[in-house]
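The values are calculated or read from the model by the stated rules, or taken from the named source; none is laboratory data. Since the structure is predicted, the reported quantities are computational estimates derived from the model, not experimental observations. Cβ placement follows ideal geometry from the backbone for every residue including glycine, while neighbour counts extend to all protein chains displayed. Side chains are part of the model used for accessible areas, which takes the heavy atoms of the whole protein and leaves out ligands, DNA and RNA. Shrake-Rupley method; radii C 1.70, N 1.55, O 1.52, S 1.80 Å.
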Amino acid sequence: MARVVVTGKIPSGGLERLKAEHEVTAWEKDDAISRAELLTMVAGADAIVSLLTEKIDDKLLDSAGPQLKSVSNVAVGYNNIDVPACEKRGVLVTNTPGVLTEATADIAMSLILMATRRLGEGERVIRAQEPWQWGMFYMLGMGLQGRQLGIVGMGQIGIATARRAKAFGMNIAYTRRSPLEDNVVKELDAKYMSMDELIESSDVLSLHCPYSPATHHLMSENQFARMKKTAFLINTARGPIVHEQALVDALKSGQIAGAGLDVFENEPAVNPGLLELDNAVLIPHLGSATVETRAAMADIAATNALAILAGAQAPNLVTS
């Protein structure tokens, strides 16, 4: 039996599959594990099943030891893992692709609706028991019909979001590194644009690209300055893709109309400036937060770890 370390609470199905075949040490408290406790817990591990809240770097890999075979991230993104450092040690890294596409697209569409129709602001009025009265000009928002949704990173989640937006009557434009499949272009009547064109012409700009050094602060002061003053930014990808202070400044000055964020640059901390703004919709990284999706993520991560420990071909392998 190998020793498997699970760095945080995961749904029971995936955990029980691991326990059925190997010795499992799991952090099962509601609070995230501290760095010091994590470094101690991984010592001697043959496999690590990690959450995106845990940083897998040289120090942790050294703490685990040379017998470590795999790190299975319970997430699609893996920017918490130093993949080159793992590869240098012969440690395989896996993720859980595909499984959270629909759930995250639902959140992206929800944020689009909340931001453009001022739903968060409206709910706060009711909950605060502030006086209000229906009126022709009270809390007006922006309709979606005929508006352009610009998708940055037209992968599976971007496509799923575009399908939802198309059903709401939006026009779809996108940018991505490789050509989009012809059948998807036809289905969505999607128009390719350069990043600059997309930023300048979109009424709603939705981020779905992976986080990497190349996309760090992809949206910053210069980009916000080129957006329409009536435009909205949506981010369900990774927080550091957006320069958070530049976004605060753009929202405060009216450079853009609003934003909907599920992710933040320094999670779980949120820029205090965002908290003061009614035109910012803020939710705590709920993209994959359905019972079904989280259970599937844990199950895929367990499958990845078990396959590697059994000497089988690594499923869902990621490389640098």
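Calculate the all-directions average of the projected area of the chain's alpha-carbon convex hull, and give it in nm². Present the calculation step by step, with values, prior to reporting the outcome.
Details: hull surface 71.4 nm².
With every direction weighted equally, the projected area is 17.9 nm².
Axis angle, to the nearest 10 degrees, between helix 12-21 and the longest C-alpha principal axis of the chain: 20 degrees. The residues of the chain expose on average 48 square angstrom of accessible surface per residue, using a 1.4 Å probe on protein heavy atoms.
Here each label is just a point 7 Å from Cα along the line to Cβ, and for GLN129 and GLU200 those points are 5.2 nm apart. Cross-link reach is defined here as a Cα-Cα straight distance under 20 Å, omitting same-chain residues fewer than 8 places apart; for LYS88 the aspartates and glutamates meeting it are ASP46, GLU54, ASP57, ASP58, ASP62. One equal scatterer on each Cα of the range 141-230, no solvent, Debye formula: the resulting log10 I(q)/I(0) at q = 0.20, 0.22, 0.26 Å⁻¹ is -0.94, -1.12, -1.44.
Where does the charge balance sit around VAL185 when Lys and Arg score +1, Asp and Glu -1, over other residues with C-beta under 14 Å from its C-beta?
Details: positive: ARG163, LYS166, ARG176, LYS186, LYS191; negative: GLU181, ASP182, GLU187, ASP189.
Net charge around VAL185: +1.
The value given for the range 16-71 is a Kirkwood hydrodynamic radius of 11.9 Å, derived from the mean inverse Cα-Cα separation.
How high is the FRET efficiency between LYS29 and MET1 when r is their beta carbon distance and R₀ equals 25 Å, given to the nearest 0.05? Intermediate results must be reported in sequence, preceding the final value.
On the way: r = 24 Å, r/R0 = 0.97.
Computed FRET efficiency for LYS29 and MET1 comes out at 0.55.
Ellipsoid fit via the Cα gyration tensor, the range 190-275: semi-axes of 19, 16, 11 Å, each the root of five times an eigenvalue, largest first. Seen against the Cα atoms of the chain and their longest principal axis, helix 156-167 is set at about 30 degrees.
Between the alpha-carbon centres of the range 258-320 and the range 169-230 there is a gap of 21 Å. Computed across the range 75-135, the Kirkwood radius stands at 15.6 Å (inverse of mean 1/r, all Cα pairs).
What the Cβ-Cβ distance of LYS19 and ALA289 gives, at R0 = 25 Å and to the nearest 0.05, is a FRET efficiency of 0.55.
For the range 296-305, putting each phi into the Karplus relation 6.51 cos²θ - 1.76 cosθ + 1.60 with θ = phi - 60° gives couplings of 5, 4, 5, 5, 5, 4, 5, 4, 4, 5 Hz, in residue order, rounded to whole numbers and with x for Gly and Pro.
At a 1.4 Å probe, what is the % contribution of carbon and sulfur to the accessible area of the chain? Display every interim value, and only then the final one.
Details: 8270 of 15340 Å².
Here carbon and sulfur together make up 54 percent of the probe-accessible area.
A 1.4 Å probe, protein heavy atoms only, puts the accessible area of HIS285 near 50 Å². Using a cut-off of 28 Å between Cα atoms, the listed pairs LYS29/LYS69; LYS9/LYS166; LYS9/LYS69 include LYS9/LYS166 as exceeding that distance.
Counting other Cβ atoms within 10 Å, which trypsin sites (Lys or Arg not before Pro) in the range 159-235 have at most 13 and lie in a DSSP loop?
Working: sites: ARG163, ARG164, LYS166, ARG176, ARG177, LYS186, LYS191, ARG226, LYS228, LYS229; in loops: ARG176, ARG177, LYS228, LYS229.
Filter output for the range 159-235: ARG177, LYS229.
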